[in-house]
Amino acid sequence: MANAKPKDLALHVMEKLRHSKLALPVPTLSVLEDLFECVFFASMRTEESDLVKVTVTLIDPNNPDPRPPKNPVAERWSVIKFDKRTEFTVKNIVKLSKAADPSTTSLAVYYDDSGKLYIWGMIDQMLHYQSFLNYESDFGSEQPGIFQVLVNDIGTLDVMFDYELLATLKQNILIARYLDVFTIGPVSKILKDNAGHLKDDLKTFLAESHAAEDFEDWETFANGLWIQTLSRLLLRVQNYHHGGGILITDSEEDIDLKYKVHYDRLKIAISKFARETVNNYVAETLIDEHLEAGKRSVAKEHYQEESRSLFCRQQIADEIKGCIAFLASHTCVDGVLVFDRDMVSKGFGGVLKSKKMPRKIYVSPTATATPKSLIPADPNHFGTRHRSMIGYCWNHPGSLGLVVSQDGDIRAFYRIEEKLIMWENIKTQQFLKSRKLKVSAIKR
């Protein structure tokens, strides 16, 4: 929705909440409008020359945890109450944002009987929430309150319901959903094909070390691991707020690389991670089978292998995290970061020299890029970074271009037959459908 306002976001969220399975009452539309409007204007302020970044959770102080788990994990959230309530104003949000880093903390907000909002505390342990969203953790506990509002940029609000993104208000644009191009459609197919070396390596490893394991059972895991790695790289690039381009191609034609390298550590680490994941799974399965069979003892070798593989897997996960950080920083230099299809970096600071441009490109509002859904657009309406990527992908079919704008928007470019397709509003974080939302609400 173009020319959207905070009240449009409030109406959209209200419709979602009305179809939810919340244990608490749904706030009124006027409360949601006041909440989003106040946070929206706070996002345009600065505090001590820094932009305001904050997370706000709508949570009832009289019943903050209506359905606590029987066995809560140690890192589960808790609410720390203030001695006195603080009025929910732009000024107070801006001031408290310095003490509430959104990567670790959220402000606890609710409303009184008259619908007036107030800040009554802070929620800790939020870093685990962010880690899960960014694929840096395998698990995430249920989130507190009714929903969260995240401010990561000027005039940009993300509304989260558990781990599901309900909507984003980006200045005057309301985005009701992001395109999952990495899971379905042409881009997904490209990335799964590019994961061929990983799948070949995993297939050989299974045949040599775990013949009882079927490769088909692990193929989806391999594809997911590959796509998650690229998603994490893009998220890291977004966080720099510098903008950048990533080109995945086997061609070196029409590319002037200022800083040539051959960095294959990420590729090797991903393969090692996949192998240790299989080792750990097999060891755990053997132990479980022994215990379920009623055996009184289990061979110590099984426990040793389970511990060894788990430890190695964590070490390699840290290695992958370091590789991603290393590569993402290269996009801060003007030019394109270039990979081959095996995710081996060829270098950075690349200038794309293809000058021939298509007369028009086609914007796809769906991940699958069905012909009837395509919207024609003039490539000259885009900036230099986008036009250079459009020109290269047009002249070199099979190349996948990804452009991250300074404001965080991600666009993908790929040529399908005689059309250059562009996807925007691409999903990169690990958003999950909430079990609290009914199917009918999700379909809407």
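The values are calculated or read from the model by the stated rules, or taken from the named source; none is laboratory data. Values in this document were obtained by computation on a predicted structure and should not be read as measured data. For neighbour counting, all protein chains shown are included, and Cβ atoms are generated from backbone atoms with ideal geometry for every residue, glycine included. When the accessible area is computed, the model is the full protein with side chains, heavy atoms only, and any ligands, DNA or RNA have been set aside. Shrake-Rupley method; radii C 1.70, N 1.55, O 1.52, S 1.80 Å.
Points worth noting:
- Reach of Lys16 by Cα under 17 Å, taken over lysines that are not fewer than 8 positions away in the same chain: Lys7, Lys433, Lys436, Lys438, Lys443
- Residue order by solvent-accessible surface for Phe161, Phe273 is Phe273, Phe161, largest first, with ligands and nucleic acids left out and a 1.4 Å probe.
- With Rh defined as the Kirkwood radius, the inverse of the mean 1/r over Cα pairs, the Rg/Rh of segment 266-325 is 1.14.
- In the complete set of protein chains, residue-level accessible area for Glu48 is approximately 140 Å², probe 1.4 angstrom.
- Area accessible to solvent at Leu374, 1.4 Å probe radius, in Å²: 30
- Positive dipole terminus of the chain, leading residue within His396, Met126, Leu286 (C-beta point charges): His396
- In this structure, Glu301 and His242 have a Cβ-Cβ separation that, at R0 = 41 Å, corresponds to a calculated FRET efficiency of about 0.25.
- Tail fraction, Cα-Cα pairs, segment 290-444, threshold 17 Å, whole percent: 74
- Options Thr104, Val187, Val344, ranked by Cα towards positive dipole end of the chain, top entry (Cβ charges): Val187
- Shape analysis of segment 31-77 places it in the oblate category; the axes a ≥ b ≥ c from the Cα gyration tensor give an a/c of at least 1.5, with a/b not above b/c.
- Summary value for segment 42-134: 35 percent relative contact order, contacts being C-alpha pairs under 8 angstrom separated by 6+ residues.
- At most 16 other Cβ within 10 Å, DSSP loop - trypsin sites (Lys or Arg not before Pro), segment 208-317: Lys295, Arg296
- Antiparallel DSSP beta bridges within the chain, as percent of all bridges there, nearest 5: 85
- Antiparallel %, DSSP beta bridges [both residues in segment 13-121], to 5: 75
- Hydrophobic long helices, here whole DSSP H runs in the chain with Kyte-Doolittle means of at least 0.5 and Cα atoms spread over 15 Å or more along the helix axis, are found at 29-42.
- Counting heavy atoms of the protein chains alone, Trp226 has an accessible area of about 10 Å² for a 1.4 Å probe.
- Solvent-accessible surface of the chain, taken per residue with a 1.4 Å probe and all protein chains present: 50 Å².
- Taking Ile227, Ile268 and ordering them by how much accessible surface each has at a 1.4 Å probe, largest first, produces Ile268, Ile227.
- Think of it as helices only: each DSSP H run of n ≥ 4 in the chain is worth -39500 (n - 2.57), and spread over all residues that comes to -12500 deg cm²/dmol at 222 nm.
- If only the Cβ of Lys and Arg carry +1 and only the Cβ of Asp and Glu carry -1, the dipole of the chain around its Cα centre is close to 1200 debye.
- Figure note: Asp254, Asp34 ranked by solvent-accessible area, largest first, 1.4 Å probe, ligands and nucleic acids not counted: Asp34, Asp254.
- Taking a point 7 Å from the Cα of Ile154 along the Cα-to-Cβ direction, the residues of segment 85-100 with backbone N closer than 20 Å to it are 90-91, 93-95, 97-98.
- Per the Debye calculation on segment 107-181 with a single equal scatterer at every Cα and no solvent contribution, log₁₀ I(q)/I(0) for q = 0.15 Å⁻¹ amounts to -0.64.
- Size of electric dipole in segment 315-413: Cβ of Lys, Arg +1 and of Asp, Glu -1, about Cα centre, debye, nearest 20: 620
- For segment 174-263, size of Cβ-based charge dipole, Lys and Arg +1, Asp and Glu -1, in debye: 600
- Over 23 Å between alpha carbons, listed pairs Lys81/Lys116; Lys116/Lys427; Lys192/Lys355; Lys53/Lys95; Lys258/Lys353: Lys116/Lys427; Lys192/Lys355
- Cα→Cβ-extended label distance, 7 Å offset, between Leu51 and His19, nm: 3.3
- Solvent-accessible area, 1.4 Å probe, carbon plus sulfur percent, for the chain: 49
- Hydrodynamic estimate: the Kirkwood radius of the chain over Cα pairs, inserted into Stokes-Einstein at 4 °C and 1.567 mPa s, corresponds to D of 54 µm²/s.
- Taking the chain and dividing mean pair separation by its residue count, relative contact order in percent (alpha carbons under 8 Å, at least six apart): 17
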